[in-house]
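The values are calculated or read from the model by the stated rules, or taken from the named source; none is laboratory data. Because the structure is predicted, anything quoted here is derived from the model rather than measured. All Cβ positions, glycine included, derive from the backbone under ideal geometry; neighbour counts span all protein chains shown. Just the protein is used for accessible areas: all its heavy atoms, side chains included, with ligands, DNA and RNA removed. Shrake-Rupley method; radii C 1.70, N 1.55, O 1.52, S 1.80 Å.
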Amino acid sequence: MRATPNTPAWIALSKHFQKDIADNALIKLFEAGGSTRFAQLSFQDQNMLLDLSKQRLTPKTLDLLTQLASERDLSKAIENLFNGGIVNESELRPALHTALRQSSGEYPNVDGKSVQPQIEANLQQMQSIVEKIHAGQWLGFDGQPINTVVNIGVGGSDIGPKMVCQALDEFSAQTRDTLQLLFVSSMDGSQLAKMLQHLDQGTTLFILASKTFTTVDTIANAETVRSWLRKKIPNDKLIGQHHFIGCSANTQRMDLWGIPEDHQVRLWDWVGGRYSLWSGIGLPIALKIGMQGFKDLLAGAQSMDHHFRTTEFKQNLPVLLAMTGIWNINVLGLKAHAILPYDGRLKLLPHYLSQLEMESNGKSVTTKGDRVSMDTSPVIWGDVGADAQHAFFQLLHQGTTAFYADFITPVARTPSDQYSKATQQQLQYQQDLNLANCLAQSRALMMGDSLLDWDESSDQAADHLYRGNHPSTSIMLEELTPYSLGSLLAMYEHKVYVQAVIWDINPFDQWGVELGKQIAKTTLNAISQRQNGQPVDEQFDKSTEGLLNYINQYGVGH
Ligand code: F6P
């Protein structure tokens, strides 16, 4: 583990760890905390409960962590975020995803102008697109109503909307469930090739979602789609007019590509890709759950924004979640973080959070351009908890890698009344089973085999030793709705920002991904030169050369 700085707050945390925590397993902390531990270490805001009592910490730890937040001037940093300060220093931009879900009060300015009119116009435009499609009035080139929308995007232009659409699928009944909504991201064209076999050019609309409109993955998929549309549709003007919508901050590129101006949904530099599901990038969400549903999602996020901005650190959910992470990473030295939603609808949440957190805080340079001294983002992975119990939980219970986990559960599930009474009862039973497993797993991770009544000297005890003492956070939502999901996602976004402030890194850029993109360009050149039997311009290392030879032997056309 990398050393933490020698500041008063960090020193106090480190002393507290040595004195009060290092030799006390979680079970001991529970014994010492008595009946008040849960009350002291669990926090609520509206529809959400954050339980930190299964973390390896005490109320004193949280006091010291909030002192660290103050030492890092977190209050000022939070105001700076909401006010449109330049929080993305390397690109000299604000990060105003919070303004996208604002609905009252004074909006922040960018370049001396309020962003309010642009945001409102954008929502208005989304609304008219959604209404037109839902009403069956968006027609394909030959006059048939559009019944399939395919979002083509990658990273933040894919994962967020896809995750929310999957999570809130059951809310689509309120709108128009005859609309098929699909997502394509993979650069290799495999998703698209299969999909196009079953689609009809006359009834399919494509959303090209790309903040930059330069991402090769998306442009390559878009070109493949256009060549497929050309098979049936006589000219590109008709194709643009009926079958493409663009969502981007780069209007010039959208023009060049042939997206008609009135099909261009604007995005702005001040919305980061992985923070963009609240913008026009969220159009698939609005198509899935209707514009009111989308606004409920924004409202849930806005309520978390308000909570984050106005609540003292000791009761502030994103701050507490973030600072607990800091404790786990920088004091306990944990480098792996499992995200475990106990709800099949949240299957893509771990994937979404891995982009949000790792692309934001996977950094090793401070805002001043120095090397960071501390560890930053851990490796984040996960799956639906109950499924993961039958997959990677073995490592969680008995492996040697140290980790911490977030258990995320909507509590109430109201089975639809379209089912018979008996099916409803069975579904309620399944939800109880799911909740029981969620609680049981976090408990087992905490207590290990002290839970079991084994004779310590027996072979069975030796074979089945569970160490326990693994920290976890439980996050419970009253139920999963657009509003509660909005709050949950905003809480994680703010958590990422708080951690970046503590580490003094910029969570809004991603230069690390650029090197691979540059190298891919010369490599693509080499692949086509070899395939055409031309001399290759570029020198490669021996491994890459060997792989290129293999590709040349077995790749396309062979
Ligand atoms: O390569 C990383 C990245 O820039 C992400 O940050 C972003 O979400 C994704 O690519 C897609 O970018 P764009 O929306 O510009 O196509």
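A few remarks follow.
- Computed lengthening from SER420 to ARG309, 0.36 nm per intervening residue step minus Cα-Cα distance: 35.4 nm
- The helix-only estimate of mean residue ellipticity at 222 nm for the chain, built from DSSP H runs of length n ≥ 4 each weighted as -39500 (n - 2.57), is -14500 deg cm²/dmol after division by the residue total.
- The percentage of C-alpha pairs in the stretch 513-554 whose separation is greater than 11 Å is 65%.
- Contact order normalised by residue count of the chain, Cα under 8 Å, 6+ apart, percent: 19
- Average accessible area per residue (Å²) across the chain - probe 1.4 Å, nucleic acids and ligands excluded: 45
- The angle between the Cα long axis of helix 317-326 and the main principal axis of the chain comes to about 70°, on a 0 to 90 degree scale.
- Cα shape, the stretch 116-267, gyration tensor, a/c 1.5 rule: rounded
- Restricting the trypsin sites (Lys or Arg not before Pro) of the stretch 335-372 to loop positions (DSSP other than H, G, I, E, B) with no more than 13 neighbouring Cβ atoms within 10 Å leaves LYS368.
- Charge-dipole axis of the chain as Lys and Arg at +1 and Asp and Glu at -1 on Cβ define it, positive-most pick from TRP228, PRO350, VAL411: TRP228
- Efficiency of FRET between LYS335 and GLN252 - r from beta-carbon atoms, R0 45 angstrom, step 0.05: 0.60
- Size-normalised alpha-carbon gyration radius of the chain, reference 2.2 N^0.38 Å: 1.04
- Centre-to-centre, using Cα atoms only, the stretch 292-350 and the stretch 118-132 are separated by 29 Å.
- Placing a label point 7 Å from the Cα of LYS132 along the Cα-to-Cβ direction, the residues of the stretch 207-222 whose backbone N falls under 15 Å from that point are 207-208.
- DSSP beta bridge pairing in the chain, given as percent antiparallel to the nearest 5: 30
- The largest accessible area among ASP449, ASP169 belongs to the first residue in ASP169, ASP449, and the rest follow in falling order (1.4 Å probe, all chains).
- Euclidean distance of C-alpha centroids, the stretch 508-558 and the stretch 194-259, integer Å: 27
- Taking 0.36 nm per residue of separation and subtracting the current Cα-Cα distance, fully stretching the chain between THR178 and VAL372 would add 64.7 nm.
- Rolling a 1.4 angstrom probe over the stretch 116-267 with all protein chains present gives an accessible area of which 49% lies on carbon and sulfur atoms.
- Across the cross-link table entries LYS76/LYS368; LYS15/LYS76; LYS28/LYS60; LYS295/LYS495; LYS314/LYS495, which are compared at the Cα atoms, the separations over 25 Å belong to LYS15/LYS76.
- Extension gain for GLU478-ASP169 works out to 109.5 nm (0.36 nm per residue, less the C-alpha to C-alpha distance).
- Cross-link reach is defined here as a Cα-Cα straight distance under 17 Å, omitting same-chain residues fewer than 8 places apart; for LYS517 the lysines meeting it are LYS211.
- LYS542/LYS232 FRET efficiency (R0 45 Å; Cβ-Cβ; nearest 0.05): 0.40
- Helix 216-230 axis, angle to the chain major axis (alpha carbon atoms, nearest 10°): 40
- Among the GluC sites (Glu not before Pro) within the stretch 296-373, those in coil by DSSP and having at most 13 neighbouring Cβ atoms inside 10 Å are GLU312.
- Listed by chain and number, the aspartates and glutamates placed with their C-alpha closer than 15 angstrom to that of LYS162 are GLU170; residues fewer than eight positions away on the same chain are left out.
- Burial order of peptide ranges 112-121, 140-149 (average beta-carbon count within 10 Å, highest first): 140-149, 112-121
- Nearest-ten-degree value, helix 116-134 long axis tilted from longest Cα axis of the chain: 70
- Förster-model FRET efficiency, 35 Å R0, TRP511 and GLN46, C-beta, rounded to 0.05: 0.40
- For the stretch 296-417, the square roots of the Cα gyration tensor eigenvalues, ordered a ≥ b ≥ c, give a/c of at least 1.5 with a/b no greater than b/c, which places it in the oblate category.
- Electrostatic dipole magnitude of the chain [Cβ: Lys, Arg +1; Asp, Glu -1; Cα centre; debye, to 20]: 620
- If you sort MET291, MET358, MET476 by accessible surface, 1.4 Å probe, largest first, the order is MET358, MET476, MET291.
- Separation in nanometres of the label points that stand 7 Å from Cα toward Cβ, at SER528 and ASN109: 4.8
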